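Notes to accompany the following structure.
Please treat every number below as a calculation from the coordinates, not as lab data. Just so it is clear, the model here is predicted, and its values are computed rather than measured. Cβ placement follows ideal geometry from the backbone for every residue including glycine, while neighbour counts extend to all protein chains displayed.
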């Protein structure tokens, strides 16, 4: 005997209601839809604060972790945006931050400039950054080293970026022209971009507001250096000629060697990532740098 049509329809309706909702994954290689987006601007000071920070548990152990093997390659994406579209959101020293990071990598740590994507101002568009990540991903193999540095504005909002956070954080890229607005690269989006890398030796450095929210990038072998807390603001000043975090992390910590606490290797520059971070955290004022370190012991670039 055939079941009544009404009963069949009711059963189908129940199945539809209890079936899991499968949302289509967004295209992570394109700007993502987001709501309630708020730009959190890095602040340019008129006079830097004095004094040092409060003592904190050091990130550096004084013991070197695994070093690069013979024949391993080093790749980097170094981004600094001072000149955003229009004039209202311009900064002064983020391009200097990027240039100084590039100098440290090539003069101290043996990076070949041909393996560094240096993207500044208008050249640091969403497309250019995504393309740089993709190109390095296609080259890097297990045991290689990859570094990602960003200095510029941060933002927050509710983005469809593949994670379950109620509020997402982003770095703010250029749109590639002087017209229109900038484009956000969300934390979950960055996690997706770096998810397919064959190497686990990856260093992230964020000198931007809300940088502490970039812990989405956590994974074995990675170190995430963040200039401030998840809700914090980052600063720059003429007396530094840099962002505050970059000044202590790169210029003073690495280039001037002031972060060199442990003599890891004789007769060579050997400031580790953890030593540079400790020095920056001890000296930064008004912002609280944070680190997520999943590398065993200390990483020497």
Compute for segment 136-178: radius of gyration divided by Kirkwood radius, i.e. Rg/Rh, restricted to C-alpha atoms, rounded to two decimals.
1.08
So for R0 = 22 Å, FRET eff. of residue 90-residue 230 from the Cβ-Cβ r, to 0.05, ends up at 0.30
Largest-first principal axis extents of the Cα set of segment 108-150 (Å):
31, 25, 17
With 0.36 nm assigned to each residue of separation and the Cα-Cα distance removed, residue 163 to residue 296 gains 45.2 nm
Where does the Debye-calculated log10 I(q)/I(0) of segment 5-293 sit at q = 0.09, 0.14 Å⁻¹, using only Cα point scatterers of equal weight, no solvent?
-0.44, -0.99
Go from 0 up to the bin containing the longest alpha carbon distance in segment 212-301, width 5 Å each, and give me the % of pairs per bin.
3, 15, 23, 23, 19, 12, 4, 1, 0
Segment 132-147 to segment 221-262: how many Å between their Cα centroids?
24
Quote the relative contact order of the chain in percent (integer), defining contacts as alpha-carbon pairs under 8 Å separated by 6+ residues.
23
What FRET efficiency would be calculated for the residue pair residue 29, residue 268, taking the C-beta separation as r and a Förster radius of 25 Å, to the nearest 0.05?
0.05
